[in-house]
């Protein structure tokens, strides 16, 4: 049986109640909107990228505990990272939440590993990451996890 | 009074466990479970007379055709329609609405004409009309509702104009449970010469309808929300309207004669049933209707009303719970939100307790926008649900709050 506590860890509750890097980002030079049609989660992500390094990442929107905590943890993990590293990190994260083997060091993001026991919630955890992908590639259309 | 324990035995799936706990199935507005009578009818067809219909002279084909047409007659009687040829089989309510939009709609609407829908429609009764508006230049107008989820009927007279060609409205809202005064809407629409399509998808398992008494021009529903199979649904249309409408899809069974120069179409309802239909589904739907009639729709409605009332009273005692949709005389649906907890999280935790509900926008995003919500949690009741299950629902809601708010 899948244990709810594997999914809803204290760190996740904490980031849901008090999302980090939440709000507008003046001077942002990368932006994308994400939308999860399944549950109506909406996410707006802003980045400040200088010399290929993500200096700032902030988000706004409304979503479930998993998608909010995932976005919050992601923005924390992005600061100071090179743009080029992001694809690898996303790939690792995606594999982790789908319960597939991964080699990338996940750090604090590892608290979301429990999502793999709840396949219906993988989209919640990856919404922020799909939006990030769109922001870095400057996609015009809002991204969807569908 | 209906004894749900007696009828539960007819639904084998209700015996299963989910996450180690007995299943409490409260997602009946999405789809109902299927009684043995339906499962047996489909299996019997496949075991004894599986054949294509309306073409073979052999015994199996004759028997299959008789069972298929027998189901059509059961549906006619269930809907209180005057003629059996007014019953068209479709894949579901969605396809039935699209059929009307693409056949009747395309031949009867032009630039500047108007279609009137309501603020609480399912996407299936919005999008086909938007597509039709794009093709024809017609305009879509909306009957508003109040914060209880009750249509503002005093606005209807203003919204109906001489340009209104069609009013498409749901009998029961799938997101809110509101039962709409469709008889009054039909009267008003007919007074300005507009046709009326009633979406009965959420209604037919709870509310008795009679096409002749109601007087609607089109009525649609899906089999799977009426204890029947998925992939089978019904379009009812008045005989003269169906006869004048062009066909929907072309193919076999919808023709009388085909040459490379010209094709003559079959009579109604076959004109709208191109290709081999969902034969077992139609037979299963016929069995579902027999089942519902043997329980008695009025008994089902009384039982569900009682459960809804008990659940509503219980819900009003939960701190931080807000019921979405508080119209008087609702049918079988309890939509709600919990303060500080997203409906999707509610859904996952309830599932872990064996309680299946729906969380999301219920294919009614404009309804969510109206209430400024991303989503709601929705418990919906059927004839087999019990008071103990309502209790399990609220125990599970307590668990959600404990987990999130402690």
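Couple of notes before you dig in:
- Failed item in (1) closer than 26 Å to residue B:12 by Cβ; (2) in contact with a strand residue (DSSP E or B) (Cβ under 9 Å, 6 or more places away or on another chain); (3) surrounded by fewer than 21 Cβ atoms within 10 Å (Cβ to Cβ), with residue B:321 passing the rest: (1)
- Residue match in the stretch A:122-144 (condition: touching a helix residue (DSSP H, G or I) at 6+ places or on another chain (Cβ under 6 Å) and not in a helix (DSSP H, G or I)): yes
- Helices (runs of 4 or more DSSP H) (entirely within the stretch A:1-110) containing at least 3 residues that are within 14 Å of chain B (Cβ to nearest Cβ) and within 25 Å of residue B:375 (Cβ to Cβ): A:4-7, A:10-17, A:65-78
- Looking across the stretch B:362-372 at every residue that is surrounded by fewer than 23 Cβ atoms within 10 Å (Cβ to Cβ) and in contact with a helix residue (DSSP H, G or I) (Cβ under 8 Å, 6 or more places away or on another chain), the one that is farthest from the other protein chains (Cβ to nearest Cβ) is identified as B:363.
- Residue in the stretch B:186-201 that is outside the structural domain of residue B:370 (by TED's automatic domain parsing), over 30 Å from residue B:84 (Cα atoms) and over 16 Å from the mean Cα position of the chain (by Cα) present: no
- Selection count, the stretch B:324-361, where residues are surrounded by fewer than 21 Cβ atoms within 10 Å (Cβ to Cβ), free of Cβ contacts under 8 Å to residues at least 40 places away in the same chain and at positive phi: 0
- Some residue of the stretch B:381-395 being within 13 Å of chain A (Cβ to nearest Cβ) and either touching a strand residue (DSSP E or B) at 6+ places or on another chain (Cβ under 6 Å) or surrounded by 23 or more Cβ atoms within 10 Å (Cβ to Cβ) (or both): no
- Index of the failed condition, residue B:91 passing every other in (1) free of Cβ contacts under 8 Å to residues at least 60 places away in the same chain; (2) more than 18 Å from residue B:186 (Cα to Cα); (3) under 19 Å from the mean Cα position of the chain (by Cα): (1)
- Residues within the stretch B:250-279 that are part of a helix (DSSP H, G or I) and touching a residue at least 40 places away in the same chain (Cβ under 8 Å), tallied: 3
- So residue A:116, is it closer than 20 Å to residue A:44 by Cα, within 14 Å of chain B (Cβ to nearest Cβ) and either part of a helix (DSSP H, G or I) or in contact with a strand residue (DSSP E or B) (Cβ under 9 Å, 6 or more places away or on another chain) (or both): no
- Top-ranked residue of the stretch B:311-340 - restricted to ones that are over 23 Å from the mean Cα position of the chain (by Cα) and part of a loop (DSSP other than H, G, I, E, B), ranked as nearest to the other protein chains (Cβ to nearest Cβ): B:340
- If the condition is being out of contact with any helix residue (DSSP H, G or I) (no Cβ under 6 Å at 6 or more places or on another chain) and surrounded by fewer than 23 Cβ atoms within 10 Å (Cβ to Cβ), then the stretch B:196-208 contributes only B:207.
The values are calculated or read from the model by the stated rules, or taken from the named source; none is laboratory data. Remember, it's a predicted structure, so these values are computed and weren't measured experimentally. All Cβ positions, even for glycine, are placed from backbone atoms using ideal geometry, and neighbour counts span all protein chains on display.
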